[in-house]
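Engineer: This is the structure I want to talk about, given as structure tokens.
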Amino acid sequence: MTGWRIGADVGGTFTDVVAIGPDGTHAAVKVHSTPDDYSRGIAEGVAAIMARCGIPADAVGLLAHGTTVVTNTILERRGGPTALITTRGFRDVLELGRMRVPRLYDMLWVKPEPLVARQFRFEVDERLDPTGAVVTPLDEAGVEAIAGELDRHGIRSVAICLLHSYADGTHERRLAELLTTRLPGLDISLSHEVLARPGEYERTSTTVVNAYVRPAVREYFAGVAARLSGAGLRVPVHVMQSDGGLVGLATAGELPVTVIESGPAAGVVAAQRVAGDLGVARALSFDMGGTTAKACLVEDGRVVMAEEFAVGAELSVGSRVFSGGGFAVRAPALDIAEVGAGGGSLLRVDEGGLLRVGPRSAGARPGPVAYGRGGTEPTITDAGLVLGYLDDIADGTVTLDRAAAEDAIRDRIAAPLELTVDEAASGARRIATTTMARTLKAVSTERGHDPRDFTLIAFGGNGPGYACDIAEELGIRTVLVPPLAGVFSAVGLATAPVRRAFLRSTIRALDDIAVGALDPVVDVLRAEAADWVALEAPSTGGATTEVEVDLRYTGQSTDLPVRFAAGVTAADLGESFQESYERIFGLRFDLPLEIAAVRLVATLATDLPQATDGPAGSAAGERPPVGKRSVHFGSRHGRLMTEILDEVADLGDGRSGPLILRRPDTTVVIAPGWRAAPAGAGVIRMERES
């Protein structure tokens, strides 16, 4: 995987594309997303960046992209007819779920309808015990009757989740064999392949989500590959997984539940690298784009992981902010909190006369009013333009209509609330700031961390413009803005490792005998990883591997991962678990422990590039001249004449705000009371002065 690496991040408003060469030279472009066919926007962006940099097709070593196709398929219920086949007596597990609600005491919350209606949840006679031993043989005659029903109703995808199949998948494999013989072309997801863990509801829900989205995801991936191939780019395409690693389209197509948080994960991967390069031990990543804002915690070079999250409610998130609001998915994911507040978030006055921001977004079409694409409802971007934060020309190419933005805010927000245009726009910015601060609190305060002890790494098209406000809201004193901040998720895609996790459930008491018995399990996982490497990238130099064991207090259902290496003892593992448990929950117990599962993570051996300061190629268009303009900094400061800068070097050894630093892909706001200076490698460091 030598040569240029290209990352394409598909957002709700823009598709960002970044190309990084072997020597670190780079270029970036933004194109409008194409919701009717997202692959078209990807192809347009890739073609534009290759033309700008003069990159021949055979010089591209890897193309990676982040996608929201899984989440969108669920939110919009576009998955097509899906069925569930389970052990007799367990068809309603999917609907019963767990006793969780997203908002405590909310009597009006309505539980989402299951992805598989009850009439398409079929039962079969069979049963295994928790060790995998057969209690009741599979009733193969009954499978024939089920196949007839599937055919009659036009079912195209099936989730098979049999009791205790994590211990032995023989019954599931035989059931799938019988169905495909009767119904060739049927798409089947087997629970022991999707999630080989106990927990009937979580395993059933995860397998159903996988089955529901898989036909649509495979169709989308095929479209992306076809469009890129048609453009002469026949390089293997990779997709970002929720855990921050890349996999090929074939692997992602088999297990689409692993790419649900594909887009948000990429920015965190890049922020993690920035924190490591600058020696920042504790960091909070803050990514504000056109539709949503996302946050994640990085500590000692490691990102906090969430083993379970919900998808399909108001938003797909990997945190506890909306826990219980959607369909449970148990798959490794970066613990990312997400809320519907971005540059395209719509502003409105509700029935009670209160100003609301989001979660609905203007999206790529029609976009903010100022874009002149037919939008009539004001957005956060319109408010930023009116307040003076944004240029009349964005990215040197898009002319923004300030007068139209002012009219929309005056007519729809200011007049109904009897406010001035500045007061209305400033109020919207303040509400957006408070809303987005929730995401950072969800991954810090809610987990026992004080955000004041962390450095904020701000990126996304709008993140650097809100960074100082967010930091003041949380008491954070230091903010870092990385290079290419406005397309930072695409940077993460272009620089992420190709990686996959392999897991086996193995429940046993933690002692030295049990630890010794893990070696054969690890050997099986290593063999699976070797097969994957041979399929994914046979020409590479193999893969490095790390092994973890999931431990828990005996009888509990919550486990924590602990590093496993040759020569480690049960006492070593137990102490590592106790330290992790105490750090997360604030206490430890003198109770026996048990092993729940073994996980092996394989990473392809390759040199990952890093973007340097100097871009390749040149951007089209022109920007307004550098000078000063009036900018509104909230009720505390009002309007101040603010100097506009174009280069990081213009900061010299450091300058105090208010300042506006225009970058090709974003706008950095240095608020009054803050001081900004270059921190090396294109990074801007902002510190609170008071």
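Engineer: Starting from the Cα gyration tensor of the range 80-215, take the square roots of the eigenvalues, sort them a ≥ b ≥ c, and report rounded, prolate or oblate (rounded when a/c is under 1.5, otherwise prolate if a/b is larger than b/c, else oblate). Don't skip to the answer; put the middle values down first.
Structural biologist: On the way: a/c = 2.01, a/b = 1.35, b/c = 1.50.
Because a/c hits 1.5 or more and a/b fails to exceed b/c, the range 80-215 counts as oblate.
Engineer: Cα gyration tensor of the range 190-237, axes a ≥ b ≥ c as square roots of the eigenvalues: rounded (a/c below 1.5), prolate (a/b > b/c) or oblate? Each step should come with its number before you reach the end.
Structural biologist: Details: a/c = 6.08, a/b = 3.06, b/c = 1.99.
In terms of gyration-tensor shape, prolate.
Engineer: Which shape class applies to the range 328-429: rounded if a/c is under 1.5, otherwise prolate when a/b exceeds b/c and oblate if not, where a ≥ b ≥ c are the square roots of the Cα gyration tensor eigenvalues? All intermediate terms of the calculation are to be shown ahead of the outcome.
Structural biologist: Numbers: a/c = 2.20, a/b = 1.36, b/c = 1.62.
In terms of gyration-tensor shape, oblate.
Engineer: Next question, about the same structure. Give, rounded to the nearest 20 debye, the magnitude of the charge dipole that the range 80-215 has about its Cα centre when Lys and Arg contribute +1 at Cβ and Asp and Glu contribute -1 at Cβ. Could you put the intermediate results ahead of the total?
Structural biologist: Details: 17 positive and 20 negative charges, 102 e Å.
Computed charge dipole of the range 80-215: roughly 480 debye.
Engineer: Using a simple charge model, +1 on the beta-carbon of Lys and Arg, -1 on the beta-carbon of Asp and Glu, nothing else, what dipole does the range 365-468 show about its Cα centre, in debye to the nearest 20?
Structural biologist: On the way: 11 positive and 15 negative charges, 89 e Å.
The dipole of the range 365-468 has a size of about 420 debye.
Engineer: Can you work out the Karplus-derived ³J(HN,Hα) for every residue in the range 86-100? Use 6.51 cos²θ - 1.76 cosθ + 1.60 with θ = phi - 60°, whole Hz, and x for glycine or proline.
Structural biologist: 9, 5, 3, x, 10, 5, 9, 3, 4, 8, 5, x, 10, 7, 10
Engineer: If you don't mind, another one. State the answer as a single residue: which of Leu535, Val521, Phe502 lies farthest towards the positive end of the charge dipole of the range 499-604, with beta carbon charges of +1 for Lys and Arg and -1 for Asp and Glu, about the Cα centre.
Structural biologist: Leu535
Engineer: Right, next: For Asp511, Asp16, Asp139, Asp391, what ranking results if the residue with the fewest other Cβ atoms within 10 Å of its Cβ goes first?
Structural biologist: On the way: Asp511 17, Asp16 29, Asp139 14, Asp391 20.
Least to most surrounded, the residues fall as Asp139, Asp511, Asp391, Asp16.
Engineer: Put +1 on the Cβ of each Lys and Arg and -1 on the Cβ of each Asp and Glu in the chain; which of Trp674, Pro112, Leu347 then has its Cα farthest toward the positive end of the dipole?
Structural biologist: Leu347
Engineer: State, as an integer percentage, the relative contact order of the chain based on alpha-carbon contacts under 8 Å between residues 6 or more apart. Write down the numbers at each step before the final one.
Structural biologist: On the way: 1583 pairs, mean separation 91.0, N = 690.
It comes to 13 percent, rounded to a whole number.
Engineer: Could you pull the Rg and Dmax for the chain, using just the Cα atoms, both in Å?
Structural biologist: 25.8, 80
Engineer: Setting aside same-chain residues fewer than 8 positions from Lys441, which lysines have a Cα under 22 Å from its Cα?
Structural biologist: Excluding near neighbours in sequence, the set is Lys294.
Engineer: Give me the aspartates and glutamates in straight-line cross-link reach of Lys628: C-alpha distance below 16 Å, same-chain residues under 8 apart excluded.
Structural biologist: Those aspartates and glutamates meeting the cut-off are Asp391, Asp392, Glu643, Asp646, Glu647, Asp650.
Engineer: Also, quick follow-up: Placing +1 on the Cβ of each Lys and Arg and -1 on the Cβ of each Asp and Glu in the chain, which of Ser580, Gly169, Ala28 has its Cα farthest towards the positive end of the resulting dipole?
Structural biologist: Result: Ala28.
Engineer: Still on this structure: Quick check on the chain: helices-only [θ] at 222 nm, where DSSP H runs of length 4 and up contribute -39,500 (n - 2.57) each and the sum goes over total residues. Nearest 500, please. Don't skip to the end; give the middle numbers.
Structural biologist: On the way: 18 runs with 213 residues, N = 690.
Computed ellipticity for the chain at 222 nm equals -9500 deg cm²/dmol.
Engineer: Rounded to the nearest 5, what % of the DSSP beta bridges within the chain are antiparallel ones?
Structural biologist: Roughly 70 percent of the DSSP beta bridges within the chain come out antiparallel.
Engineer: Taking the Cα centre as origin and putting +1 on Lys and Arg beta-carbons and -1 on Asp and Glu beta-carbons, what dipole magnitude results for the chain, to the nearest 20 debye?
Structural biologist: Details: 68 positive and 89 negative charges, 242 e Å.
The dipole of the chain has a size of about 1160 debye.
FYI, it's all coordinate maths here, none of it is from the lab. Because the structure is a prediction, the values reported are computed rather than measured. Every residue, glycine among them, receives a Cβ derived from its backbone with ideal geometry; neighbour counts consider all protein chains shown.
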